[in-house]
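A quick write-up on the structure given underneath.
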Amino acid sequence: MDNGLQKFGGDWTTEKLLRIQKYLSAYTTALKNKPFRLIYIDAFAGTGYRNIKSEENQQTLMFPDLAAEDTEAFLAGSAKIALQTEPRFAEYHFIEQDARKCKELERLKQDFPAKAQDIHIDNDDANAALVRICDLMSKRRNLRAVLFLDPFGMNVSWQTIEAIAATKAIDMWYLFPLGVGVNRLLTKNGIIPDTWQQKLNNIFGCSDWKEQFYTTEIQQDLFSDEETSTKTGDFQQIADFFVRRLDSIFAGVVKKPLPLYNSRRNPLYLLCFACGNKKGTPIALRIAGHILKG
Ligand SMILES: C[S@@+](CC[C@H](N)C(=O)[O-])C[C@H]1O[C@@H](n2cnc3c(N)ncnc32)[C@H](O)[C@@H]1O
């Protein structure tokens, strides 16, 4: 990737945030003269700043004068990136379950005083808050939003995704927990505890994943018929299945989402994009598709 950030922290978090950043400014630019009130929704907002954990990042901080501007951008979390976006959004909705992080989010009001009264912080579970927001959005036709779903794990239920799609007004970026969540629950021998099965049903919104990712054989002997399952679904098949699920309820979906890898090249997440509004879909998919390729 040809940007200053890469040499300081070419990790998957940077990858993800750079892409969101690009989309947000492309979005507000494209809709600048349209009669819509533009909203940014961050459903797993964090603190507004990134946690500095990796060694690479530590090295960056040891040489702060190397590139102050890059370091500053590198440290911003998604909420701050949204507030920095120009042309600006009319409203910012930050949802965060952790009360301490909400307090830190409050500080963004001081950092962006001109936007302070348009910043709304919701200390709640993302699913509950999103269903409320989507309900309000469905009632007002002049609203358009970009939503970022950036969970650590399998926190987003399919019912929430359905509520988002039903607004027909939201462009959704979703960091789908491919390697950190779903693939781990899909055990090799197909013996999956009930609680895990429920989690998989909840994230996919169906139980069809079983026949998608497993082949079943019946072994017969004199006394019984024994059914054995073998996992045949790989990362690509899981990704394709989830894209088909999104495609079944959104106006448009980027067919090739971006896998984000750790340093050992294991796919952790899949950065997915889906567009709710039919009219806006061609341009949204063109921009998001380009961003996910680059
Ligand atoms: C990956 S971090 C978000 C990082 C943020 N997007 C950024 O760029 O700085 C996920 C956040 O979701 C919060 N969280 C976890 N479960 C949640 C839930 N069910 N509802 C809302 N927030 C939740 C965590 O406290 C954490 O701050």
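The values are calculated or read from the model by the stated rules, or taken from the named source; none is laboratory data. Quick caveat, the model's predicted, so the values are computed rather than measured. Positions of Cβ are generated from backbone atoms using ideal geometry, with glycine treated the same way; all protein chains shown enter the neighbour counts.
Does Phe148 satisfy the condition of being touching an Asp or Glu at 6+ places or on another chain (Cβ under 9 Å) and closer than 22 Å to Val243 by Cβ? Considered against the rule, which asks whether it is touching an Asp or Glu at 6+ places or on another chain (Cβ under 9 Å) and closer than 22 Å to Val243 by Cβ, Phe148 comes out as yes.
Evaluate the stretch 239-255: report whether one residue or more is touching a residue at least 60 places away in the same chain (Cβ under 8 Å), of a type in the set (Gly, Ala, Ser) and part of a loop (DSSP other than H, G, I, E, B). Checked against the condition, which is being touching a residue at least 60 places away in the same chain (Cβ under 8 Å), of a type in the set (Gly, Ala, Ser) and part of a loop (DSSP other than H, G, I, E, B), the stretch 239-255 yields at least one hit.
Would you confirm, using the coordinates I've provided, whether Ala166 is in a helix (DSSP H, G or I), of a type in the set (A, V, I, L, M, F, W, C) and within 12 Å of the ligand (Cβ to nearest atom)? Criteria not met by Ala166. Go through the stretch 184-230 residue by residue and tally those that are crowded, with 16+ Cβ neighbours inside 10 Å and part of a strand (DSSP E or B). Final tally of qualifying residues: 2. Scan the stretch 162-170 and tell me whether some residue there is over 25 Å from Leu83 (Cβ atoms), at pLDDT 95 or above, surrounded by fewer than 17 Cβ atoms within 10 Å (Cβ to Cβ) and not hydroxyl-bearing (Ser, Thr, Tyr). Looking through the stretch 162-170, at least one residue is over 25 Å from Leu83 (Cβ atoms), at pLDDT 95 or above, surrounded by fewer than 17 Cβ atoms within 10 Å (Cβ to Cβ) and not hydroxyl-bearing (Ser, Thr, Tyr).
Selection within the stretch 256-293: residues that are of a type in the set (Ser, Thr, Tyr) and in contact (Cβ under 8 Å) with a residue 40 or more places away in the chain. The member of this set that is farthest from Phe36 (Cα to Cα) is Ser263. Regarding Ile52, is this residue out of contact with any Lys or Arg (no Cβ under 8 Å at 6 or more places or on another chain), closer than 26 Å to Asp124 by Cα and at pLDDT below 95? Yes: the conditions hold for Ile52. Among the residues of the stretch 103-151, write down those that are touching a residue at least 60 places away in the same chain (Cβ under 8 Å), within 12 Å of the ligand (Cβ to nearest atom) and part of a helix (DSSP H, G or I). Selection gives Leu105, Leu108, Ala126, Ala129, Leu130. Selection of the stretch 92-105 for residues being surrounded by 15 or more Cβ atoms within 10 Å (Cβ to Cβ) and either over 20 Å from the mean Cα position of the chain (by Cα) or not acidic (Asp, Glu) (or both) yields Tyr92, His93, Phe94, Ile95, Gln97, Lys101, Cys102, Glu104, Leu105. Quick check on Arg88: is it more than 10 Å from the ligand (Cβ to nearest atom), among the charged types (D, E, K, R) and touching a residue at least 12 places away in the same chain (Cβ under 8 Å)? Criteria met by Arg88.
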